Amino acid sequence: MRYGHFDDSRREYVITQPDTPLPWINYLGSEAYFGLISNTAGGYSFYRDARLRRITRYRYNNVPLDSGGRYLYLRDDAPPAEGGDEGAFWSPSWQPARHDLEDYACRHGLGYSIIGSTYRGIEAQTRYFVPLGDNLEIWQLTLTNHRSEAAHLSVFACVEFCLWDAWDDATNYQRNLSIGEVEVEDAVIYHKSEYRERRNHFAFFACSGEWAGFDTQRDVFLGLYGGWDKPAAVERGRSFNSVAHGWAPIGSHHVRVALEPGGTHQVVFLLGYHENPADRKFDPPTSSLIDKAGVKPIIARYLEPENVDAAFRALRAYWDDLLAVFQVDTPDVHTDRMVNVWNAYQCMVTFNLSRSASFFESGVGRGMGFRDSNQDLLGFVHMVPARARRRILDLAATQLESGGAYHQYQPLTKRGNDAVGANFNDDPLWLVLSVAAYLKETGDGSILDEPVPYDNQPGSEQPLYEHLQRSLRYTLDRLGPHGLPLIGRADWNDCLNLNTFSSTPGESFQTATSKDGETAESVFIAGLFVLAARELAAIARWRGLEEEAHTYEAEAARMETGVLEHGWDGDWFLRAYDDSSRKVGSRECQEGRIFVESQGICILAGIGLDGGAEGKGPLAEQALASVREHLVTPHGIVLHQPAYSRYYLHLGEISSYPPGYKENAGIFCHTNPWIMIAEAIVGHGDQAHDYYMRINPSAREAIADLHRCEPYVYAQMIAGRDAPTHGEAKNSWLTGTAAWNYVAISQWILGIRPTYAGLQVAPVVPSNWPGFTATRVFRGVTHRITVERVGEGNDVCLSVDGVPVPGDIVPLPPKGQTEVRVQVGLGRAQG
Ligand code: GLC
Ligand code: GLC
């Protein structure tokens with residue numbers, strides 16, 4: 001069944017049934033204050049860092065899964081004449097009270113969610129969003145009385161505060177149950193645990209409306225043994241005005257609303273975060289009371305409905321501007337809505353959150369991944385080039401002098417994470433790819449000269465360009481017995497741990513390396529190296545460093561030869577050599593005979609595109625035919641086949657998962673676009689788009705009960721054919737799948753690609769598409785592109801502003817011209 005539908009014109013997904021198979025969530029915030037919000041108003045908020053500055057508490061592993069959030073309760077204080085009892089209460093977002101609401105709808109939009117319903121003739125709509133430029137979230141509640149008589153309602157709003165460090169909050173009770181502190185002043189609840197000592201920040205929860213009371217102690221509000229579904233204060237219709245000392249501080253407001261028949265009324269709630277200067281924390285200075293001079297004007301501003309409306313309009317305009325950079329109109333609705341709205345949006349969310357906070361990432365774990373964030377950048381650099389620049393410099397500053405890189409860093413401190421460390425040998429190469437993407441998009445070569453430290457050590461600064469050189473060097477300094485790159489702890493596949501040999505339960509497969517790492521090699525890294533070396537050669541050439549360009553090209557060619565000699569298995573690219581130099585991903589293997597990653601990355605690097613032996617066609621074509629034969633399922637392309645049926649000490653985590661899940665032959669969606677791109681590179685538009693559709697979330701909306709995750713964003717994984725739940729998605733939102741699918745569809749299938757010389761238009765689209773149009777803002781110039789199929793194949797006949805242009809790159813127009821019309825005849829015209 002379907003749980004909702006796309007509202008394309010409003011750029012919203014409308015969920016019409018609250019009990020979706022999993023929480024279907026959205027993100028609030030685009031700068032520093034962020035929140036996750038589910039379709040029943042569940043989720044939590046934080047400032048910059050989901051672990052270190054958690055504002056509201058959330059319990060993972062909860063039952064039901066989606067409990068705890070931004071809860072509102074409505075209560076009939078006087079019995080309506082037309083039946084029903086006094087004291088009846090409900091939650092307009094369904095959770096936590098879970099009544100049978102009428103007209104329930106959750107509209108997830110770009111940076112906001114609107115949750116509405118009607119119950120007992122009272123309509124309630126709440127718009128949740130974070131205004132640009134401020135560190136708070138707004139819940140704008142509009143109540144409408146559809147009864148034929150007046151309604152006397154109570155509104156209760158509630159959040160549970162987190163004691164800032166989400167990990168400590170969830171574990172360190174012997175301390176935490178004694179430190180909770182609040183202040184309540186002028187209908188504002190201030191959460192200030194630890195403010196008395198080293199923290200300069202606090203949270204606030206404010207409301208407009210006729211304030212009738214408050215609670216700040218959870219057990220008082222809920223009642224002993226009470227749950228969120230039946231808080232004691234709501235049941236009795238009156239707050240207790242409890243002041244938290246220790247235990248579990250919450251913020252709850254009680255507001256009374258009287259509504260004439262047909263009447264409507266708005267109540268605004270604000271939940272926010274504020275930092276005071278260290279020397280102006282207290283007022284009076286010798287007290288432990290918060291100095292509220294800085295925060296009060298902010299609260300006052302957003303309690304005014306006009307200002308809230310204006311902030312909402314500004315947010316919409318912000319997203320319209322971002323998305324306007326690239327818009328398409330194709331014959332396929334699923335392509336359009338993902339490219340124009342949802343995929344781009346998801347790319348921005350991965351930019352902001354990396355892999356930190358979702359309903360599958362706990363927000364206390366992984367921070368910003370070096371490999372992940374560099375790839376994410378490919379999907380958003382065109383929308384926020386200035387922020388992409390900053391991100392590249394932050395990432396590069398966690399690189400080590402060896403050229404290696406910290407695998408992760410913490411977003412608040414921007415420091416590499418020592419617990420995980422380095423030695424994922426693919427990591428540094430991704431930096432070359434992100435920088436190349438930035439340069440092609442912006443033409444801003446100055447970034448290459450930026451001094452960037454290693455390991456954030458002052459004094460170690462070198463130009464970014466040097467960092468890129470060291471990235472390549474890092475691989476070349478670590479070659480194995482076949483001249484292929486050593487894999488280290490893992491390559492892109494975090495679970496291919498060829499040096500770990502772990503037999504200790506619970507030990508981290510990634511950090512428990514027990515071998516010297518001098519033998520196991522990765523064909524994937526070899527392919528990635530060739531790709532990165534060719535990108536660096538192009539950068540060097542663009543800077544006029546012809547000799548260096550030659551050097552990198554020669555290194556790439558040498559590695560390519562190595563791959564052809566030692567990385568080709570007969571019908572496909574090998575995956576690796578293990579610690580005993582046995583093949584991984586070879587026909588010689590019993591299990592794990594063919595892997596997708598090396599097919600994808602080697603072809604992206606240009607390996608095996610020409611030549612080919614014994615009338616079999618180029619190796620790339622053979623590899624893709626093997627993918628089709630062995631790895632493709634109706635739900636996407638699995639990582640490898642056959643799945644590992646048991647745990648193999650010498651392979652590591654990959655064989656720890658039950659067959660068909662995650663890295664053990666799951667459909668790891670991140671890798672599917674590599675194959676789409678590879679198919680586009682060899683000119684197979686039908687095949688490329690077919691693979692695109694298999695994992696396209698909008699196209700999978702029709703099988704929501706199987707897919708289960710949100711139909712508007714990609715999930716990291718879909719269970720593979722060996723899994724009993726084949727087709728079921730998991731780990732939605734924070735995945736490199738977002739950026740890579742965006743790249744695959746926009747740059748390779750639709751073929752609109754930034755290059756140093758201008759915007760390239762080289763579509764490889766399905767043969768039955770009559771054409772498509774696109775608008776792409778590139779280096780300040782709006783390209784209005786019309787592609788029209790004139791015959792079979794992918795030949796491009798280009799004209800710009802009516803003038804034929806050789807090749808497929810639109811030259812940059814003279815300075816001052818801000819728009820070009822690009823006409824493409826696609827295919828070979830007959831006769
Ligand atoms: C996770 C990681 C990513 C890795 C992938 C495959 O998505 O975030 O870095 O490449 O798994 O193991
Ligand atoms: C687990 C996951 C993998 C992730 C890794 C690193 O191994 O299977 O996807 O990349 O953890 O956190």
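Just so you know, all these numbers are worked out from the coordinates, no wet-lab data involved. Source: prediction; values computed, not measured. Ideal geometry is used to build each Cβ from the backbone, glycine not excepted, and the neighbour counts take in all protein chains shown.
In nm, to one decimal, how far is the modelled label at Asp283 from the one at Arg558, with both set 7 Å along Cα→Cβ?
6.7
Add +1 for every Lys or Arg and -1 for every Asp or Glu among the other residues with Cβ under 15 Å from the Cβ of Arg694, and state the total.
Taking every other residue near Arg694 into account, the sum is -3.
For segment 732-786, compute the orientation-averaged projected area of the C-alpha convex hull (one quarter of its surface), in nm².
With the hull built on Cα positions only, its mean projection is 5.0 nm².
Just to confirm the number: angle between the C-alpha axis of helix 672-681 and the first principal axis of the chain, 0 to 90 degrees, nearest 10?
Value to nearest ten degrees: 40.
Kindly write out, for segment 792-798 in residue order, the coupling ³J(HN,Hα) from the Karplus curve 6.51 cos²θ - 1.76 cosθ + 1.60 (θ = phi - 60°), rounded to whole Hz, with x marking Gly and Pro.
7, x, 10, 4, 10, 10, 9
Taking a spot 7 Å from the Cα of Arg313 along the direction of its beta carbon, which residues of segment 93-132 have an amide N less than 18 Å from it?
Residues 129-132 qualify, since their backbone N sits under 18 Å from the label point.
Say the dipole of the chain comes from +1 at the beta carbon of Lys and Arg and -1 at that of Asp and Glu; which of Asn176, Val325, Ala41 then lies farthest toward its positive end?
Value computed over the given set: Asn176.
Under the definition of Cα pairs under 8 Å and six or more residues apart, what whole-number percent is the relative contact order of the chain?
9
In whole Å, what are the Cα extents of segment 78-169 along the three principal axes, biggest one first?
49, 29, 21
Which number do you get for Rg(Cα) / (2.2 N^0.38 Å) in the chain?
0.99
Normalised by the number of residues in segment 212-365, what is the relative contact order in percent for Cα pairs under 8 Å and 6+ residues apart?
Relative contact order, segment 212-365: 13 percent.
Any idea what Rg and Dmax come out to for segment 468-514 if you just take the C-alpha atoms, in Å?
12.6, 39
What is the count of Lys pairs in the chain whose alpha carbons sit under 15 Å apart, if the two are 8 or more places apart or on different chains?
Step by step, the pairs that qualify in the chain add up to 5.
For helix 385-396, what angle does its Cα long axis make with the longest principal axis of the chain, in degrees from 0 to 90 and rounded to 10?
Approximately 70 degrees, to the nearest 10.
Normalising by the residue count of segment 648-793, find the relative contact order in percent from Cα pairs under 8 Å and 6+ residues apart.
Taking the mean separation of contacting Cα pairs over the length of segment 648-793, I get 21 percent.
Only four residue types carry charge here, +1 at the Cβ of Lys and Arg and -1 at the Cβ of Asp and Glu. Report the dipole size of segment 329-424 about the Cα centre in Debye, rounded to the nearest 20.
340
Pull up all non-local amide H partners of Ala576: gap of 5 or more, or a different chain, and H-to-H distance under 5 Å with H placed in the peptide plane.
Val523, Val584
Relative to the longest principal axis of the chain, what angle (0 to 90°, nearest 10) does the C-alpha long axis of helix 464-476 take?
60
Using the Karplus equation 6.51 cos²θ - 1.76 cosθ + 1.60 (θ = phi - 60°), what ³J(HN,Hα) coupling, rounded to whole Hz, does each residue of segment 373-379 give in order, writing x for Gly and Pro?
Here the 3J(HN,Hα) series is 5, 5, 6, 3, 4, 4, x Hz.
Residue by residue, what Karplus-based ³J(HN,Hα) values in Hz, rounded to whole numbers, does segment 132-138 have, using 6.51, -1.76 and 1.60 with θ = phi - 60° and x for Gly and Pro?
With the stated coefficients, segment 132-138 comes to 5, x, 10, 9, 7, 10, 10 Hz.
Choose one of His253, Gly223, Val267: the residue whose Cα lies farthest towards the positive end of the charge dipole of segment 174-268 (beta-carbon charges +1 Lys, Arg; -1 Asp, Glu; about the Cα centre).
Gly223
Do me a favour and compute the ellipsoid semi-axes for segment 145-302 from its Cα gyration tensor, root of five times each eigenvalue, largest one first, whole Å.
Result for segment 145-302: semi-axes of 30, 20, 11 Å.
Put +1 on the Cβ of each Lys and Arg and -1 on the Cβ of each Asp and Glu in segment 1-147; which of Thr126, Leu22, Ala97 then has its Cα farthest toward the positive end of the dipole?
Leu22
How high is the FRET efficiency between Thr511 and Ala150 when r is their beta carbon distance and R₀ equals 60 Å, given to the nearest 0.05?
With a Förster radius of 60 Å, E is 0.40.
Restricting to DSSP H runs of at least four residues, report the calculated mean residue ellipticity at 222 nm for the chain, -39500 (n - 2.57) per run over all residues, nearest 500 deg cm²/dmol.
-7500 deg cm²/dmol
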